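Input: a single structure, listed below in structure tokens.
The values are calculated or read from the model by the stated rules, or taken from the named source; none is laboratory data. Worth saying up front: this structure is predicted, and the values here are computed from it rather than measured. Here the Cβ is made from the backbone with ideal geometry for all residues, glycine too, and neighbour counts use every protein chain on show. All accessible areas refer to the heavy atoms of the entire protein, side chains included, with ligands and DNA or RNA removed. Shrake-Rupley method; radii C 1.70, N 1.55, O 1.52, S 1.80 Å.
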Amino acid sequence: MTTPNPSETGSGDLIPTPVRRPLSASPIPRRRGTAGLLMDRLFRGLAEGSGFLLVLLVAAIGVFLLWRAIPALERNKENFFTYGGNWITTDNSAMHFGIADLAQVTVFVALVALILAMPVALGIAICLTQYAPRRLAAPLAYMVDLLAAVPSIIYGVWGLYVLAPRLRPIATWLNHHLGWCFLFAHGNVSVAGGGTIFTAGIVLAVMILPIITAVTREVFAQTPQAHIEAALALGATRWEVVKTTVLPFGRSGYISGAMLGLGRALGETVALLIILRGTQSAFGWSLFDGGYTFATKIAATALEFNDQYKAGAYIAAGLVLFLLTFVVNAVARAAVAGRAGR
């Protein structure tokens, strides 16, 4: 754009003079002041300190459990990892205890719960994120999440006195027709009103269902919309969209949620103690057997903790459960990292 400047000519002719505009310069980065650098260092220190404190607390718990367990392990006359008989801790000079049966029952009931809960959680997550309308999906998700708010003791009482009697005919039929399989063989399906691993596994599956569902639902909801729209544009059905886009994208999250549920199942105490307390027969890898898990064994014999050696025997079992949860979490992280690296 130009403007006339008559003073530059004697004749008074209007000569256009270009108007100079300032060039649009890029903003000059401002240097952070001392206060900004101080806040950055403070935040970094707090973050690193919090992480270090968490690791320190976990290590301190492990050291404490090991320190309290060593005196009892020194007086144990059995192999701690292979002995599966009755615990005899009355004589401090000759103790007999081991975790073979405890480990088997703990892993078995947790796996039963996980096998039952994972398909249901996957179906709920797919339904809420891909099929249900938004006005209906939110209330349904809220109802599923509310299952996590029910106390464990309520689950235990409900499982023993409400669910177990209704499961007894099913258990009897399975035991009669499928008794050739070790999972449904022997055992006593009528003992304690049906309070067996069969009942305990179903109750535990209900307890871990909201954990797996919540994590899986959140991961599925993050599936890129462009991928879904591209699959629909190519003529894919809704199920084909789920199979080709949603499931591959959220597989690692689904595995993470399942491992979180498994960790929850391994440490469950009150509900399993109520259900299995009357079915403490020898464990034989049948759904209709009973037994103690790590957590229920410790809780059921808490009155014996008045002696350091008796308490040390159960603390040793708690240490194994502590390490078992670490192994489960490590496997979960390795599986998720392997999926993410592909």
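Points worth noting:
- The set of residues from segment 226-262 being open to solvent by 90 Å² or more (accessible area, probe 1.4 Å) and under 11 Å from the mean Cα position of the chain (by Cα) comprises just one member, LEU260.
- Residues in segment 225-245 that are touching a Phe, Trp or Tyr at 6+ places or on another chain (Cβ under 9 Å) and under 26 Å from GLY261 (Cβ atoms): VAL242 alone.
Table: residues versus (1) out of contact with any helix residue (DSSP H, G or I) (no Cβ under 6 Å at 6 or more places or on another chain); (2) aromatic (Phe, Trp, Tyr); (3) over 23 Å from GLN308 (Cβ atoms).
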position: LEU37; (1), (2), (3): yes, no, yes
position: LEU54; (1), (2), (3): yes, no, yes
position: VAL58; (1), (2), (3): yes, no, yes
position: TRP67; (1), (2), (3): yes, yes, no
position: GLU78; (1), (2), (3): yes, no, no
position: GLY84; (1), (2), (3): no, no, yes
position: VAL105; (1), (2), (3): yes, no, yes
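- Hey, LEU262 in contact (Cβ under 8 Å) with a residue 60 or more places away in the chain and over 30 Å from ALA132 (Cβ atoms) or not: no
- Residue count, segment 131-144 (criterion: surrounded by fewer than 14 Cβ atoms within 10 Å (Cβ to Cβ) and either in contact with a Cys (Cβ under 9 Å, 6 or more places away or on another chain) or without any contact (Cβ under 8 Å) to a residue 60 or more places away in the chain (or both)): 9
- Here ASN175 meets each of (1) touching a helix residue (DSSP H, G or I) at 6+ places or on another chain (Cβ under 6 Å); (2) within 27 Å of THR213 (Cβ to Cβ); (3) open to solvent by less than 70 Å² (accessible area, probe 1.4 Å) with one exception, condition (2).
- Of the residues examined, LEU183 is one that is over 30 Å from LEU128 (Cα atoms) and open to solvent by less than 60 Å² (accessible area, probe 1.4 Å).
Rundown of residues vs (1) surrounded by fewer than 14 Cβ atoms within 10 Å (Cβ to Cβ); (2) in a helix (DSSP H, G or I), yes/no style:
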site: PHE64; (1), (2): yes, yes
site: GLY85; (1), (2): yes, no
site: ALA113; (1), (2): no, yes
site: LEU116; (1), (2): no, yes
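- One residue from THR90, THR106, THR82 being among the hydroxyl-bearing types (Ser, Thr, Tyr) and within 18 Å of ALA295 (Cα to Cα): THR106
- In the condition set (1) open to solvent by 30 Å² or more (accessible area, probe 1.4 Å); (2) closer than 20 Å to ALA330 by Cα, GLU268 is compliant with all but (1).
- The listed residues are LEU128, LEU147, LEU167, and the only one of them that is within 21 Å of THR296 (Cβ to Cβ) and surrounded by 14 or more Cβ atoms within 10 Å (Cβ to Cβ) turns out to be LEU167.
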